[in-house]
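For reference, the structure discussed in these notes is given below.
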Amino acid sequence: MISGEIIARLGAFVAIFASMAIYELWSPRLERSEMAGALKSRRWVTNLSILLVSSMVLRIIFPAAAVGAALWAETKGWGLFRIIGMEPIVAGILSFVILDFAVWLEHVASHKIPLLWRIHRVHHADNGFDLTTGLRFHPVEILLSMFWKAGIVVLLGAPALSVLVFEIVLNGTSMFSHSNVAISKRFDSLLRRVFVTPDMHRVHHSSMHRETDSNYGFNFSFWDRLFGTYVPQPKLGHEGMEIGLAQYRGSYAAGLFWALKLPFTSLRRSDQ
Ligand SMILES: [Zn+2]
């Protein structure tokens, strides 16, 4: 199951990454220097290096990850859904939705708790916004997130297959919701009734504080509507909005090591 899991995850990642990358080149939503030419290459090297380091750290410290936790809980007979004897199909669907809510909640906490924001700001310090932004998460954030998800999985007794599907979908929707692809207004408003679209999530990457603290969803869009954190469009428009964190404007040129050190560098008042 574990090696099958790696093949399924890697296969889905490569397929989604390649198709989104081609789509971005073919039909970009915003044409900015950060998302083209030399600056894009620089950002991609940084973002993909962070992904590589984070994946390796996760493999070393918690190789079983969320799917392994589900299989482990299964052998022990643990978890709420098992105790109440829920149908596996219902347990699978519910696990998917609850895990998505848990990730939404974790994202809100990452903005509200200063210690977590130190780590999460690595993601927001990217001054561009494309599919590689959706892969740019500090190794500590990846580890914390995986322990959080694994804890929920064990508590629920989530079926391993639904956890695997969730992980693949989350990875794919993170690339999609950060992608710099042009989507018609009509399709966007239809899609965002249920799912997060790039235009919806770009608002979250605005350097305006009110907008950074909105649209926390990666996959389902309804959590933000339900909890009053939904902002439909950026105040300055997608063309006029500033992307990233104002205090790190330009400094993304400093690559992997700058990003890895960022959680441990001192916080100015304006950084909080
Ligand atoms: Zn965020």
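The values are calculated or read from the model by the stated rules, or taken from the named source; none is laboratory data. Everything numeric in this text was worked out from a predicted model, so none of it was measured. Every residue, glycine as well, gets a Cβ built from its backbone with ideal geometry; the counts of neighbours run over all protein chains shown. Side chains are part of the model used for accessible areas, which takes the heavy atoms of the whole protein and leaves out ligands, DNA and RNA. Shrake-Rupley method; radii C 1.70, N 1.55, O 1.52, S 1.80 Å.
Checking the conditions here, which among GLU24, GLU31, GLU5 is out of contact with any His (no Cβ under 8 Å at 6 or more places or on another chain) and either surrounded by fewer than 11 Cβ atoms within 10 Å (Cβ to Cβ) or not in a helix (DSSP H, G or I) (or both)?
Numbers: GLU24 fails: either surrounded by fewer than 11 Cβ atoms within 10 Å (Cβ to Cβ) or not in a helix (DSSP H, G or I) (or both); GLU5 fails: either surrounded by fewer than 11 Cβ atoms within 10 Å (Cβ to Cβ) or not in a helix (DSSP H, G or I) (or both).
Just a single option satisfies the conditions, and that option is GLU31.
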Residue that is most open to solvent (accessible area, probe 1.4 Å) [pool: residues in region 101-135 that are within 13 Å of the ligand (Cβ to nearest atom) and small (Gly, Ala, Ser)]: ALA109
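State all residues of region 82-100 that are farther than 26 Å from SER3 by Cβ and open to solvent by less than 20 Å² (accessible area, probe 1.4 Å); if no residue qualifies, say none.
Initially, region 82-100 is screened for residues farther than 26 Å from SER3 by Cβ, giving 83-87, 90, 93-94, 97-98, 100.
Matches in region 82-100: ASP100 only.
Does at least one position in region 46-59 carry a residue that is β-branched (Val, Ile, Thr), within 16 Å of the ligand (Cβ to nearest atom), part of a helix (DSSP H, G or I) and surrounded by 16 or more Cβ atoms within 10 Å (Cβ to Cβ)?
Checked against the condition, which is being β-branched (Val, Ile, Thr), within 16 Å of the ligand (Cβ to nearest atom), part of a helix (DSSP H, G or I) and surrounded by 16 or more Cβ atoms within 10 Å (Cβ to Cβ), region 46-59 yields at least one hit.
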Answer from ALA66, ALA38, ALA15 - the residue that is buried (at least 17 other Cβ atoms within 10 Å of the Cβ) and either aromatic (Phe, Trp, Tyr) or in a helix (DSSP H, G or I) (or both): ALA66
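To keep it simple, each residue is scored yes or no on (1) under 30 Å from ILE22 (Cα atoms); (2) of a type in the set (D, E, K, R).
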site: LEU39; (1), (2): yes, no
site: SER49; (1), (2): yes, no
site: GLY79; (1), (2): no, no
site: LEU115; (1), (2): no, no
site: ARG118; (1), (2): no, yes
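Quick one: which residue in SER189, SER174, SER179, SER162 is without any contact (Cβ under 8 Å) to a residue 60 or more places away in the chain and crowded, with 20+ Cβ neighbours inside 10 Å? Explain how you work it out, then say what you get.
Details: SER189 fails: crowded, with 20+ Cβ neighbours inside 10 Å; SER179 fails: without any contact (Cβ under 8 Å) to a residue 60 or more places away in the chain; SER162 fails: without any contact (Cβ under 8 Å) to a residue 60 or more places away in the chain.
Going through SER189, SER174, SER179, SER162 in turn, the sole match is SER174.
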Where a residue in region 193-207 is open to solvent by 10 Å² or more (accessible area, probe 1.4 Å) and its partner, wherever it lies, is within 11 Å of the ligand (Cβ to nearest atom), with Cβ under 9 Å and at least six apart: PHE195/GLY217; SER207/HIS124; SER207/LEU245
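Any residue at all in region 134-143 that is closer than 16 Å to ASN215 by Cβ and out of contact with any strand residue (DSSP E or B) (no Cβ under 9 Å at 6 or more places or on another chain)?
Among the residues of region 134-143, at least one is closer than 16 Å to ASN215 by Cβ and out of contact with any strand residue (DSSP E or B) (no Cβ under 9 Å at 6 or more places or on another chain), which makes the answer yes.
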SER214 within 13 Å of the ligand (Cβ to nearest atom) and not in a helix (DSSP H, G or I): yes
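For TRP148, state whether it is within 16 Å of the ligand (Cβ to nearest atom), at pLDDT 95 or above and either closer than 30 Å to LEU30 by Cβ or open to solvent by less than 20 Å² (accessible area, probe 1.4 Å) (or both). It would help to see each step written out before you state the result.
Numbers: within 16 Å of the ligand (Cβ to nearest atom): yes; at pLDDT 95 or above: yes; either closer than 30 Å to LEU30 by Cβ or open to solvent by less than 20 Å² (accessible area, probe 1.4 Å) (or both): no.
No, not satisfied.
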